[in-house]
Amino acid sequence: MEKVESVCEENVFNSVYKKHAKALYNFMYYKCGDVNKAEDFVQESYVKLWNNCAKVVIEKAKAYLFTCANNLFLNHVAHQKIVLRHQKSGVKQYTNENPEFLLEEKEFMAKLQQTISELPEDQRTIFLLNRIDKKKYREISEIQGVAMKTVEKKMSLALKYLEKKLDTIHKV
Amino acid sequence: METNYDNELFTKWLNEALSPEELREFEKSPKFSLYQKIAQKSRELDTPEFNKEKVFKQIKAQLSAQRKPTEVKRLFPNFFFSTAASVLLLIGAFFFLNRNTNHTTTYGEQLTITLPDGSEVILNANSTLNYKTKNWAANRVLELNGEAYFKVKKGSDFVVETNYGTVSVLGTQFNVNTKGAAFEIKCFEGKVNVKTSNHNRILTQGKAFRQLKDSTVEDYNIQETFPSWTQGESTFNSAPLSQVIIALEHQYNVKIDAVNIDNTQKFTGSFTHSNLNIALQTVFVPLRINTSKINTRNIVLIKQ
């Protein structure tokens, strides 16, 4: 019989960490918008995984981690008002743009971030998983443990809201 | 409507699931530039740097800091309880399966018992019946002390053991009486095999067998098809008076002093179970014997 890899083995656990830690961290960050909290949730989830390593098969480790983190999130901060402060990076240097355009871009970006932070938690998470982590709806539905239709519906709601809020600031 | 359709396309677009026609149509949307901008700008967003190494170290630190749960040494090992339980269960099963079922009647009482195979036993006054419920169908053995009427269902040998001998049958109705002076079997249906230390009889329907204390044996015929005592009457057929007296004593819980009379004389007849005075009269008046009650429990018989 082929030897089944167990999460209880340290090297397996380490590789599981390397594989999923960043994605889990992003997921938690989209949910709570707090760097430290997201880190805490990741840490707690992995500690839980290690403590229950005998009960979790390696194929389920990812799902276990995400469910764990989500539960921790729900337990701790679901009821709190969340203010997102997303960081900008990789912004193009518009060297050939005039200052007015740059200002508009800046304004748009600020408004975008604010609108995203206004979204309900589940819609925001789905939107950011798609936009930042470049995940397909199918993958998001697996991570969230919901139907793909639900993901599409929530995404559509999020986009509607963004469209409505950003329409005014957007100049054609 | 159009915005709804645009929204649908937009949603699909972000999933990169638009067909070429849909894409062309979507690009024509008046809000396409806004959609494009939202898509682009949101893609420029980034998550803060995640310090993998640092968090990993924290996880390791937390794991190593976790106190190993104190090992609980069991006072009794786990198997102790299961062993104890199974031993108890075995003992219980042993007693349960081997238990003797015991039925007893007192003075003037009758009891109808249905045995596990459906056979019926009617126990007359002051009698005891013992049998084992375990493996009843294959081993129909009863111990009887007193008098009982058996309606036996067909099956394996049905054996009634008494102090005087055994009665074994196959599907029949018969009466066994071991009270006092006699060992008396009446067969009402079928065939009964009676074995005492000296005698071996096969009784057929309507036949009866009686062995007295002095080992004299009588074979006689009966007319009734069921023992009269089950209907509130005791019937005797040329029975020694001593046997009738014992039956009276068992029925009414009295002591009958018969030293002054000849209790070997024969009695044919019956007495009721419902009234002592009437019973005494029906038995002793025809025999010209006076009864005198000393008290409610003691009766003396005097020759006229």
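Brief remarks follow.
- Some residue of the stretch B:83-97 being at pLDDT below 75 and not in a helix (DSSP H, G or I): no
- Residues that are more than 17 Å from B:Asn126 (Cα to Cα) and outside any strand (DSSP E or B) within the stretch B:243-278 comprise B:Ala258, B:Val259, B:Asn260, B:Ile261, B:Asp262, B:Asn263, B:Thr264, B:Gln265, B:Asn275, B:Asn277, B:Ile278, listed in sequence order.
- Within the stretch B:132-163, the set of residues being within 26 Å of B:Gly108 (Cα to Cα) and of a type in the set (Ser, Thr, Tyr) comprises B:Tyr149, B:Thr162.
- When the stretch B:193-234 is limited to residues that are within 35 Å of the chain's Cα centre (by Cα) and of a type in the set (A, V, I, L, M, F, W, C), the one that is surrounded by the fewest Cβ atoms within 10 Å (Cβ to Cβ) turns out to be B:Ile202.
- Any pair with Cβ under 9 angstrom, 6 or more apart, that starts in the stretch A:122-140 at a residue that is farther than 17 Å from A:Thr67 by Cβ and more than 10 Å from chain B (Cβ to nearest Cβ) and ends at one that is of a type in the set (Ser, Thr, Tyr) and part of a helix (DSSP H, G or I): A:Gln123/A:Tyr161; A:Arg124/A:Tyr30; A:Arg124/A:Ser117
- Top-ranked residue in the stretch B:1-55 [being of a type in the set (A, V, I, L, M) and facing chain A (nearest Cβ under 7 Å); ranked as nearest to A:Asn36 (Cα to Cα)]: B:Val55
- Hits in the stretch B:179-213 (condition: farther than 22 Å from B:Ile246 by Cβ and among the acidic types (Asp, Glu)): B:Glu189
The values are calculated or read from the model by the stated rules, or taken from the named source; none is laboratory data. The structure presented is a predicted model; accordingly, all values stated were derived computationally and were not measured. Here Cβ is always computed from backbone atoms with ideal geometry, including for glycine, and neighbour counts include all displayed protein chains.
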